[in-house]
Amino acid sequence: MTLTQTERGYPAPVDHIDVPQSIKEEKGSFWQRPKTPIHYPWHKSPYLQDRTKQLAPVINDLDPHKPELTNLEIIGTSNPYPKTPSKQQIEEDGPTIISDGGMTASLDEEELNLDPLRNHPDVIPAPIFGPSLQFAQQAARWTGDSHSFEGRVGLEARVSFECYSGQRCTSFLEIKNDGTTSIYFDWKRLPKTNPFDIVNARVQRFYFDTSNGVILPGDTMKFPFVFKSPNSGVFTEQWQFETKPVVCGGAALMVTLRGVALQEDKFYEQRRELEKELARKQAEQIIQQILHDITDGIKTPDRALSPIDAYITDEEIFQRENTEMHYNHEAVNVLRELYKEFFPEEEREFREWDLSVQNFKEMVMGMDEDDERKEEFLQRMNLAMITLSFPAFNATQQKMYSVGYQLLSEAVDDMVQQSVMLRSVMGLPDKEEDELPTDPTSSCRSTPEPGRTSDSKRGRPPDGKKAQDKKKDIGKPPKGKEAGAPKKSSSPTKQLKGGIRGVGDSLNRTGTPTSLAPTPIPGADPTVDKKYKDKLYIQMYKLLQDSLDKMDFMFKDIQTVENFDELENLMKTLG
């Protein structure tokens, strides 16, 4: 691409823009930006000044010209036609030169002197006849009468003061009598207007001689004015200079005193140190903010989301498929193994149950009625579903179930012992096996759940052996027991395993409770049989009441006792 002028070594000219000092004074602007406790103008930044010093050689090469714009000013007029200055204008403004374009410029006395009699002191201007004063370098003369301009302000002289509060400063007002008449004068203070009715303290700040006097022709008087203020501020006073004879047609000659009292800056060094400290803290704060913004932008990428169901467990899948059941690991494993038995041995390795009980049930129900395995599958599946129909026990509930089951088992054993004892005492024959009900719907025996101990494992003899032992013991009271006293169970097992599903052992398949009422004995005396039944009912109710009271007591202890070893000792004590 073609290089630009700057890249070729011909940069654009630098424009220098500034305002002369006289224009600044006319505008009344000091061109200073207000300072705040923290922020400063950009052109006074320490960093800018340091960089300017570092790059001074480069800046001088790019812009070697340094114009003095403060003292450069051009005075002109919008009128293109030159005018000849009057004699009075030449006397007041001094010598001037007029160019062809209408521009005027002041000339020094050494360069041009238009008055040839300036160097001759014996030449004086002609006197002014009548009353005449030079009031603050302004002419105040007799106009022919003393009332034509009365009530107006003819001339005004301003006397300014500027000093620190508590200090005294002096200024002078020069009045010259350039006429041929002596002029008497007097001072009169003018009241100050107070439009807002502000109450100000009556403190005198301006001092001068207010007595009357006379100014002879050709004399010049300098009136000294003193200003002193106890506090800082801007203060003004107005006085009227009255003359006799009256000049300016009765117009007032005003003298305005304006004093500015400044507050001495006693804490300049402390403020300077404070500003440096604030500038340092500001720089530190900016640096810290920049570093924080940078460090906040540095972040570790977000971890990729795991695939859906990548780490799902069997329990979650089971709850999703079977919303009304409760997960049990052992029961689910039983159903999983039962599901594999549907398939041949060589295919079981590749078969996996989807944990849906409904689908499994449909598979079982879909088997042929002639299939011998269908009944077995239904029984095993029903046992597992009973376990899954109830929530799993915690440690306390499991312990409560074991204790309740053991107490109920002991109560049933005591009932049998009481029945045998009553029959032997009352001379009734013992019941044979063929006298027991054979209806399977009323049987109190059912297939035990996995993990539950059967009667043969709990130390009870088989039914046949039990019958023989009962025949031998007819008419003999049990050992260690008195007549009429219940016999405690001799079973060695004190704690049995199992869940709340064991409650189904006392229920038949249809959900009806097992009948525990004794069957009538054919050929027995009805009166004796009725007494036997009444006494047996009383003993059964007493045994059940004692078992339930003991169960309630044990359940409360289980809920409060944390150490189950203590509970075992308590059970042995109560047993």
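The values are calculated or read from the model by the stated rules, or taken from the named source; none is laboratory data. Everything numeric in this text was worked out from a predicted model, so none of it was measured. Ideal geometry is used to build each Cβ from the backbone, glycine not excepted, and the neighbour counts take in all protein chains shown. Only protein heavy atoms, including side chains, enter the accessible area calculation; ligands, DNA and RNA are left aside. Shrake-Rupley method; radii C 1.70, N 1.55, O 1.52, S 1.80 Å.
Within the group Gln289, Gln270, Gln285, which residue is at pLDDT 90 or above, surrounded by fewer than 10 Cβ atoms within 10 Å (Cβ to Cβ) and more than 30 Å from Ala136 (Cα to Cα)? It would help to see each step written out before you state the result.
On the way: Gln289 fails: surrounded by fewer than 10 Cβ atoms within 10 Å (Cβ to Cβ); Gln285 fails: surrounded by fewer than 10 Cβ atoms within 10 Å (Cβ to Cβ).
Step by step, each of Gln289, Gln270, Gln285 is checked, and only Gln270 is at pLDDT 90 or above, surrounded by fewer than 10 Cβ atoms within 10 Å (Cβ to Cβ) and more than 30 Å from Ala136 (Cα to Cα).
For residues that are aromatic (Phe, Trp, Tyr) and surrounded by 14 or more Cβ atoms within 10 Å (Cβ to Cβ), scanning just the range 336-378, find the one that is nearest to Met325 (Cα to Cα).
Within the range 336-378, the first condition is being aromatic (Phe, Trp, Tyr), and the residues that meet it are 339, 342-343, 350, 353, 360, 377.
Filter once more, keeping what is surrounded by 14 or more Cβ atoms within 10 Å (Cβ to Cβ): 339, 342, 353, 360, 377.
On the way: Tyr339: 18, Phe342: 23, Trp353: 17, Phe360: 14, Phe377: 20 Å.
Out of the qualifying residues, it is Phe360.
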Tell me, yes or no, whether the range 215-230 has at least one residue that is closer than 25 Å to Glu264 by Cα, open to solvent by less than 50 Å² (accessible area, probe 1.4 Å), modelled with pLDDT of 90 or more and not in a strand (DSSP E or B).
-> yes
What tally of residues in the range 204-219 results from selecting those that are without any contact (Cβ under 8 Å) to a residue 40 or more places away in the chain and not aliphatic (A, V, I, L, M)?
-> 8
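Only residues that are assigned to a loop (DSSP other than H, G, I, E, B) and either β-branched (Val, Ile, Thr) or under 57 Å from the mean Cα position of the chain (by Cα) (or both): list them for the range 339-359, please. Give the derivation first.
Here is the first cut: in the range 339-359, the ones assigned to a loop (DSSP other than H, G, I, E, B) are 341-347, 351-356.
Across the range 339-359, the qualifying residues are Arg351, Glu352, Trp353, Asp354, Leu355, Ser356.
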Within the range 379-415, count every residue that is buried (at least 17 other Cβ atoms within 10 Å of the Cβ) and polar (S, T, N, Q).
-> 4
Give the residue that is nearest to Val214 (Cα to Cα), with candidates limited to residues of the range 161-187 that are within 60 Å of the chain's Cα centre (by Cα) and open to solvent by less than 70 Å² (accessible area, probe 1.4 Å).
-> Phe161
Residue satisfying condition, being part of a loop (DSSP other than H, G, I, E, B) and among the charged types (D, E, K, R), within set Glu369, Glu362, Glu375, Glu410 = Glu369
Specify which of the listed residues (Glu269, Glu330, Glu346) is touching a residue at least 24 places away in the same chain (Cβ under 8 Å) and out of contact with any helix residue (DSSP H, G or I) (no Cβ under 7 Å at 6 or more places or on another chain).
-> Glu330
